[in-house]
Each structure stands twice: as C-alpha cells, then as structure tokens.
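Inspection log for the structure reproduced underneath, given as structure tokens.
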C-alpha cells in the first residue's frame, strides 16, 4: 500500500513538472536565449576591448621606439587619439608622453586631458596618483585655491598618496612664504598612520629646522 502511494505521488510530481514546462515553454526558451545573448555579448565586448588595447599598445610602442619616423604633429595626433580612446593604461602613458616632451603646452588642454584620464581610471590608488600628478604639474601655474580643488579628493581620503598631497601643499605654501599654512600641512603629515618613514623623517627635520621658535 505504501509503495502504491509512493508511486502515485511520484507520478503526480512528474505530471506537475511536465505541465509546468508545457505552460511556460516559451518563457523558458526566451530566458535561455536572453542568457546566451548576454553571455555572448559579454565575451564579444571583452574581446573587442582586448583588441582595442592591443592596437593602442602597438601604436604607442611604434611611436616611442621609432620617434624619428614621425613628425611632431603626427606624434601629437596619434597620442591624442590614444588618450581619447579611453583605455586606462595607454591613455595615461600617452598623456604623460605629451606632457614630458612638451608636445602640448596649452594648460587648458592639458587640464582637460588629465580630467579625462582621471575619469576612466577605476583603480582607487591609480586615480589618486593621477590627481596628484595633475596638482604637481600645475603647482607652479595655478593659484592656491585651484591646487587645493584638484588635491581635495586625495588629501581628504585614506589613499597612500595623501601624504604626498599634503607634502605638495606644504611646499607650495613654503615657497609662497606662507609659513603658518605650510607648517599646518607638514604637521598633518607626521600625524598620519602608515606614513612612509623617509617622508616622516624629512618632514620632522624640516619642522625642527624651519619652524622652530
């Protein structure tokens, strides 16, 4: 008897499953197709990104290893194309190349290019490094408020580049002979946790040497 009941229950479950699939067959097929499309799209997009990055790498390397084969304007155009392609590694390298070789000198253009590179970098520390480099580049060109505006995301974070940002502002004010402000930033550095020992030692020496009463 118990065996008969078990068989009936099993058959009932099988029947329910069959009915479920019959009623929802279109939905199930549609869901499977959508999942396959999403997976294929992801792999296709990933492959496109890889090919794009490889192409930019070839362009970048062909320029820096064969500089004499290109005119200054050709280099500028190609490097700008790499920057505007928004592929973090090579776009960043291209911007540094343009700056280091003084191919672009317009500060407004350089600022816009920095912002573009900052916006595409997802890595927290790499983004803060680029922000710091932007502030460093403009430290002798911009006003106090402009430099602080650039550096605020770094010096108000827990980034490893915070100490470098504070040091930059300390130096900025020191060279402007605003010694009280300079001292404030140097004191903030030595109060940091996980401070680079060399930076800590250098800053403590400067505090004792330049600000002792």
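Matching residues to (1) at pLDDT 85 or above; (2) within 27 Å of residue 131 (Cα to Cα); (3) assigned by TED's automatic domain parsing to the domain that holds residue 115; (4) within 30 Å of the chain's Cα centre (by Cα):
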position: 8; (1), (2), (3), (4): no, no, yes, no
position: 28; (1), (2), (3), (4): no, no, yes, no
position: 40; (1), (2), (3), (4): no, no, yes, yes
position: 56; (1), (2), (3), (4): no, yes, yes, yes
position: 84; (1), (2), (3), (4): yes, yes, yes, yes
position: 87; (1), (2), (3), (4): no, yes, yes, yes
- Query: Can you find even one residue in segment 182-192 that is assigned by TED's automatic domain parsing to the domain that holds residue 139 and under 15 Å from residue 140 (Cα atoms)?
  - Reply: no
- Item | Among the candidates 148, 98, 166, 136, residue that is assigned by TED's automatic domain parsing to the domain that holds residue 78 and more than 16 Å from the chain's Cα centre (by Cα) | 98
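The values are calculated or read from the model by the stated rules, or taken from the named source; none is laboratory data. Given the structure is predicted, the values throughout are model-derived calculations rather than measurements.
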